[in-house]
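Okay, structure first, notes after.
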Amino acid sequence: MTPIRGPGERISLDDIEGQLRSLGGTAQSVVAESRTTALAAAVAGGALAVASVYFLGRRRGRRRSTVLEIRRV
């Protein structure tokens, strides 16, 4: 954190650049920490979506399919 400046002091470009770099570094560390959690959640959501589509399609196929019974004489 930069010190508080008095009313007569000017803010230099180095002050602004240092503050922006510290904010950027903080944001990058937060993204790096949450990347694995987000990836795991995306994989789990995708697997759940594929499984639900599979089972719903299977159920629909069973309801619409014709049962054909063949008997030998």
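The values are calculated or read from the model by the stated rules, or taken from the named source; none is laboratory data. Fair warning: this is a prediction, and the values are worked out from it, not measured in the lab. Please note: Cβ atoms are built from the backbone with ideal geometry, for glycine as well, and neighbour counts cover all protein chains shown.
For the range 24-46, a residue qualifies if it is at pLDDT below 80 and hydrophobic (A, V, I, L, M, F, W, C), and exactly one does: A27. The residues listed here are G18, G57, G61, G25; of these, the one that is at negative phi and under 22 Å from the mean Cα position of the chain (by Cα) is G25. When S52, S12, S22, S29 are screened for being out of contact with any helix residue (DSSP H, G or I) (no Cβ under 8 Å at 6 or more places or on another chain), among the hydroxyl-bearing types (S, T, Y) and surrounded by fewer than 10 Cβ atoms within 10 Å (Cβ to Cβ), only S12 passes.
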